[in-house]
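Asker: Below is one structure. I have some questions about it.
The values are calculated or read from the model by the stated rules, or taken from the named source; none is laboratory data. It should be emphasised that the depicted structure is a prediction, and the values quoted were computed from it without experimental measurement. Note: ideal-geometry Cβ built from the backbone for every residue, glycine included; neighbour counts use all protein chains shown.
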């Protein structure tokens, strides 16, 4: 982002909406082309995720929830890596300079930047004739060598997830008028809960330190629990057995499954959960659960890491293997 | 970017095309959600710039030149800040998984990543129904506190630029069939030079160390020399007097100006130069020029920083002030 001399509409946009968010001294109040991340020998963890209008959010979504989602999907990655947020840079591809959209977008982004202690460091604002897109690269700090990777899961580790799984996929279905929308036609409270889970992820940064202390491997669940577990297992050279009945569901999701309106596998492969998926040695499970309790976040054991190279198995309450039609969301 | 288990088209795309570029150990061969930038107490310099199809490049541009431009516009920022490249993350918004486009794109990106010692650390690949977009956040290292900012220019400093100014704007005009295309209809060599300057910036990273040693303020010229100088002066609280006749022009550009086919002010306000603009104390000018000579890059004094808050003035050979119709490219 450039500076505030008002030589262009781009600069005045940045000065008006984004300069107030650039509270970190390394951001130089956005008057430079670059920002500085100070380091005292910690490792800097870098992650990047983009959200595209019509793909990751709906054009009709409120600008504030779009901003929060764009930042939070990145904060979720930092949480899974055990990193403390340090800041982010923003690329904003806009069709027009629409103040009615930009003001709530920037206000909400600023609130989240403050709430998660992850200040705006810089960025780039470009025009696009096509769908709007927000790309964020976020930075975190971990003590040297302590980033939690995907490769450390060991046979015998328990598989744990935070929060509840599948709500966001149901929320999207509600917004799109799918089966969940019809099934919940008379339950606006349930619809609202699910839509909020789709629009505003709740990244578990409050558990980052505990993940670093307890987990042998971790990632966030962004493309669907089933597919993301495949990735974690493959990276670690292990497999897993998951008890589908123990996968934590919200009350609205559990109700839909119990009434037969939604199949459990749609929840296991649905995207946008932004919960944490961890492999945790048995001896550390209680610590992670306790850290979750202290933070008000459920942490649930859903299965076990087992030896082998085959895909993880999802078993129903009777021990029968669930055949999942698809594992996760893919862009291509 | 996620891993290589081929659970999705996205993952196979990443494994096939981008994993070979992820040579830095901190990239974890793209099998994680995050990368690590090691630091031994240096400052990490962060910059981000995006290129959008139809805005920053043409859909008809070769994929390889698009890749190089996307990375090089960021490398140019690192050079201007006096930083040594450390790596980058890539967000790629694609309409489709088109191997005929992706292979040359990734090959060229890999060549530049190697050539500039700036490895791919991670990224995100998303689908878009609209124009393609490549957003890169690049990282560099400087000794603590040594990033070259925009705010340090002092009255008496000389204003220096690298390379030649205005070629890229002319190259774009050639591609779009504008006045430059008509004037050069019979000079394909000149057209090729200008188009290459538009498509493939030549970032001056080879001079980053000298800029750190010599310049009191610096930025890269990306939106037009005139407008970018306004920004540098405003950030430093100074003004400048520029001798337009001393602004370095390539042979094709100088020919177009001499024959009256193009006005000098179009070159001074044209974008996409990706040269360095530096304020340099008189005593250090010779050092920067010598560093340029050693690296094969012209470094030219074009004016002087003067006290005051008014906009920099561009004077013609007779000392008359040029009135620029516009200062720079703006997206909004």
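Asker: Check B:174, B:206 and return the single one that is within 21 Å of the chain's Cα centre (by Cα) and either crowded, with 22+ Cβ neighbours inside 10 Å or in the same structural domain as residue B:13 (by TED's automatic domain parsing) (or both).
Answerer: On the way: B:206 fails: either crowded, with 22+ Cβ neighbours inside 10 Å or in the same structural domain as residue B:13 (by TED's automatic domain parsing) (or both).
So the residue among B:174, B:206 that is within 21 Å of the chain's Cα centre (by Cα) and either crowded, with 22+ Cβ neighbours inside 10 Å or in the same structural domain as residue B:13 (by TED's automatic domain parsing) (or both) is B:174.
Asker: Checking the condition touching a strand residue (DSSP E or B) at 6+ places or on another chain (Cβ under 6 Å), buried (at least 18 other Cβ atoms within 10 Å of the Cβ) and touching a residue at least 24 places away in the same chain (Cβ under 8 Å), which residue from A:65, A:125 passes? Break it down stepwise before answering.
Answerer: Working: A:65 fails: touching a strand residue (DSSP E or B) at 6+ places or on another chain (Cβ under 6 Å).
Step by step, each of A:65, A:125 is checked, and only A:125 is touching a strand residue (DSSP E or B) at 6+ places or on another chain (Cβ under 6 Å), buried (at least 18 other Cβ atoms within 10 Å of the Cβ) and touching a residue at least 24 places away in the same chain (Cβ under 8 Å).
Asker: Taking helices (runs of 4 or more DSSP H) that fall entirely within segment B:168-215, which contain at least 1 residues that are touching a strand residue (DSSP E or B) at 6+ places or on another chain (Cβ under 8 Å)? Quick ask: steps written out before the conclusion?
Answerer: Values: elements: B:179-183, B:188-199, B:208-214.
Once the helices (runs of 4 or more DSSP H) in segment B:168-215 are filtered for at least 1 residues that are touching a strand residue (DSSP E or B) at 6+ places or on another chain (Cβ under 8 Å), what remains is B:188-199, B:208-214.
Asker: Restricting to segment B:26-43, what's the tally of residues that are part of a helix (DSSP H, G or I) and either in contact with a strand residue (DSSP E or B) (Cβ under 7 Å, 6 or more places away or on another chain) or within 7 Å of chain A (Cβ to nearest Cβ) (or both)? Can you show your working first?
Answerer: First, pick out the residues of segment B:26-43 that are part of a helix (DSSP H, G or I): B:26-30.
From the residues that got through so far, the ones that are either in contact with a strand residue (DSSP E or B) (Cβ under 7 Å, 6 or more places away or on another chain) or within 7 Å of chain A (Cβ to nearest Cβ) (or both) too are B:26-28, B:30.
Going through segment B:26-43 one residue at a time, the tally reaches 4.
Asker: Right, here's the next one. Residue B:94 passes all but one of (1) at pLDDT below 90; (2) at the interface with chain A (Cβ under 10 Å from one of its Cβ atoms); (3) on the phi < 0 side of the Ramachandran plot; which number fails?
Answerer: (1)
Asker: I would also like to ask the following. Which residue is nearest to residue B:149 (Cα to Cα), if the candidates are limited to segment B:49-65 and must be more than 7 Å from chain A (Cβ to nearest Cβ) and assigned to a loop (DSSP other than H, G, I, E, B)? Working first, answer last.
Answerer: Narrowing segment B:49-65 to residues more than 7 Å from chain A (Cβ to nearest Cβ): B:51, B:53, B:56-65.
With assigned to a loop (DSSP other than H, G, I, E, B) added as a condition, the list becomes B:56, B:58-62.
On the way: B:56: 25, B:58: 32, B:59: 34, B:60: 36, B:61: 33, B:62: 34 Å.
Taking the candidates together, the pick is B:56.
Asker: Okay, next question. From the residues in segment B:269-308 that are at negative phi and modelled with pLDDT under 95, which one is nearest to the chain's Cα centre (by Cα)?
Answerer: Among those residues, the one meeting the criterion is B:271.
Asker: When you go through B:46, B:73 one by one, which is the residue that is at pLDDT 90 or above, in a strand (DSSP E or B) and either over 21 Å from residue A:328 (Cα atoms) or more than 7 Å from chain A (Cβ to nearest Cβ) (or both)?
Answerer: Numbers: B:73 fails: in a strand (DSSP E or B).
Residue meeting the stated conditions: B:46.
Asker: Same structure again: I'm told residue B:177 meets every condition in (1) touching a residue at least 24 places away in the same chain (Cβ under 8 Å); (2) out of contact with any helix residue (DSSP H, G or I) (no Cβ under 7 Å at 6 or more places or on another chain); (3) more than 17 Å from residue B:297 (Cβ to Cβ) except one. Can you identify the failing condition by its number?
Answerer: (1)
Asker: Further question on the same structure: Just to check your reading of the model, which residue among B:280, B:302 is under 29 Å from residue B:179 (Cα atoms) and either surrounded by fewer than 17 Cβ atoms within 10 Å (Cβ to Cβ) or in contact with a strand residue (DSSP E or B) (Cβ under 8 Å, 6 or more places away or on another chain) (or both)?
Answerer: Working: B:280 fails: under 29 Å from residue B:179 (Cα atoms).
The match here is B:302.
Asker: Here is a follow-up. Taking residue A:116 as meeting all but one of (1) at pLDDT 95 or above; (2) within 8 Å of chain B (Cβ to nearest Cβ), write down the number of the exception.
Answerer: Just one mismatch for residue A:116, condition (2).
Asker: Only one of these is out of contact with any helix residue (DSSP H, G or I) (no Cβ under 8 Å at 6 or more places or on another chain) and surrounded by fewer than 24 Cβ atoms within 10 Å (Cβ to Cβ): A:108, A:100, A:93. Name it.
Answerer: Values: A:108 fails: out of contact with any helix residue (DSSP H, G or I) (no Cβ under 8 Å at 6 or more places or on another chain); A:93 fails: surrounded by fewer than 24 Cβ atoms within 10 Å (Cβ to Cβ).
When all the criteria are applied, what remains is A:100.
Asker: Which residues, taken from segment B:305-332, are surrounded by 15 or more Cβ atoms within 10 Å (Cβ to Cβ), outside the structural domain of residue B:243 (by TED's automatic domain parsing) and more than 15 Å from residue B:268 (Cα to Cα)?
Answerer: Selection gives B:331, B:332.
Asker: Which condition does residue B:166 not pass, out of (1) over 30 Å from residue B:253 (Cα atoms); (2) in the same structural domain as residue B:204 (by TED's automatic domain parsing), if it passes all the others?
Answerer: (1)
Asker: For segment B:128-157, name all the residues that are buried (at least 19 other Cβ atoms within 10 Å of the Cβ) and more than 10 Å from chain A (Cβ to nearest Cβ).
Answerer: B:153, B:157
Asker: Looking at (1) within 17 Å of the chain's Cα centre (by Cα); (2) free of Cβ contacts under 8 Å to residues at least 40 places away in the same chain, which is the one condition that is false for residue B:94?
Answerer: Among (1) within 17 Å of the chain's Cα centre (by Cα); (2) free of Cβ contacts under 8 Å to residues at least 40 places away in the same chain, residue B:94 violates only (1).
Asker: To continue, here is another question. Do we have residue B:243 as crowded, with 22+ Cβ neighbours inside 10 Å, at pLDDT 95 or above and not assigned by TED's automatic domain parsing to the domain that holds residue B:80 here?
Answerer: Values: crowded, with 22+ Cβ neighbours inside 10 Å: no; at pLDDT 95 or above: yes; not assigned by TED's automatic domain parsing to the domain that holds residue B:80: yes.
The answer is no for residue B:243.
Asker: Moving to a separate point now. Inside segment A:222-321, counting only strands (runs of 3 or more DSSP E) that do not spill past its ends, which hold 3 or more residues that are closer than 16 Å to residue A:156 by Cα?
Answerer: Result: A:239-243, A:275-280, A:299-306.
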